[in-house]
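The values are calculated or read from the model by the stated rules, or taken from the named source; none is laboratory data. Computed from a predicted structure; not experimentally measured. Glycine also receives a Cβ, built like all others from the backbone with ideal geometry; neighbour counts cover every protein chain displayed. Surface accessibility is based on the protein's heavy atoms, side chains included, excluding ligands, DNA and RNA. Shrake-Rupley method; radii C 1.70, N 1.55, O 1.52, S 1.80 Å.
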Amino acid sequence: MAIEITARKREAQGTGASRRLRTAGKVPGILYGGDQGPVNIELDHKDLFINLKNERFHASILTLDLAGTKQQVLLRAVNMHPFKLQVQHVDFQRVVKDKKIRMKVPLHFVNAEKSPGVKEQGGVVSHVLNELDVLCLPDDLPEYIEVDLGNLAVGHSIHVRDLALPRGVELALHKNENPVVATVIVPALITEEEEAAAVVAPSEIPTTEQAAPVKEGEAAAEGEKPAAKGTEKTAEKAEKPEKPEKKEKK
């Protein structure tokens, strides 16, 4: 079922007029293409903003109701405010049934958890592409293209030309292009931990000299004589200062 949106013709033009429209909760836009000239339009911001959250709105043929006349269109461009959640401008293109269109179609990834790279080898799937440029007639435009990851192992990839495309859909690529769609990799954190466990620093390996305590009577180092018993106490006494003599009272 096609998504339907409502628009009105926009008479006032220019930066000031567009600013006033946005303040009033409207979005300025343009409708072009087909065998008719461009038309300036305006749409309700709230309804448009809700539709923009829907994936199908970006990759489907839409029904635009303009002054009671319904026509098929494609969403071609959306300009957002730099930091506000506000649509600044929107472009729609008319669809001609017997003319091929070029569209970006979203990719849906399935069976990742069943792939040997994830299930048996501990890898994770890296999505290199999330949408794909295709050429087709309007009636053949798919909502999405499915990417089956069920046979993907670690270090292996799926390329664009490996995908099963719906009937009537062709890739919008140059002759030798075949970009990667998805691959299975081992997380860098796991690899670093395994490498750290395999390499032990020499200082962390206990040696005989470090582990063995010095026995009583043995020299601490070669060439040194063992200290005689009682020497330590004598030294302590020698270090203590003598008490001063008391002066006799006259």
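Given the whole protein assembly as supplied and a 1.4 Å probe, what does the accessible area of Ile50 come to in Å², nearest 10?
We get 100 Å² for Ile50.
What accessible surface, in Å², does a 1.4 Å probe find on His159, ignoring ligands, DNA and RNA and rounding to the nearest 10?
It works out to around 50 Å².
Between rounded, prolate and oblate, where does the range 132-172 land on the alpha carbon gyration tensor, with a ≥ b ≥ c its root eigenvalues, rounded for a/c under 1.5, else prolate if a/b exceeds b/c?
It is prolate, given that a/c is not under 1.5 and a/b is the larger ratio.
Could you tell me which of the pairs Lys119/Lys175; Lys53/Lys114; Lys100/Lys175; Lys53/Lys84; Lys46/Lys104; Lys104/Lys175 are separated by over 27 angstrom between their Cα atoms in the structure shown?
Pairs exceeding the cut-off: Lys119/Lys175; Lys53/Lys114.
Figure the gain on full extension for Lys70 and Lys175 (residue separation times 0.36 nm, minus the Cα-Cα span) and round it to one decimal in nm.
The span from Lys70 to Lys175 would gain 33.9 nm if fully extended.
Are there chymotrypsin sites (Phe, Trp or Tyr not before Pro) in the range 61-126 that DSSP marks as loop and that have at most 11 other Cβ atoms within 10 Å, and which are they?
Here the chymotrypsin sites (Phe, Trp or Tyr not before Pro) that fit, given the DSSP loop and packing criteria, are Phe83.
Compare the Cα positions of Val154, Pro138, Phe109 along the charge dipole of the range 104-174 (+1 at Cβ of Lys, Arg; -1 at Cβ of Asp, Glu; about the Cα centre) and return the one farthest towards the positive end.
So the residue furthest toward the plus end is Val154.
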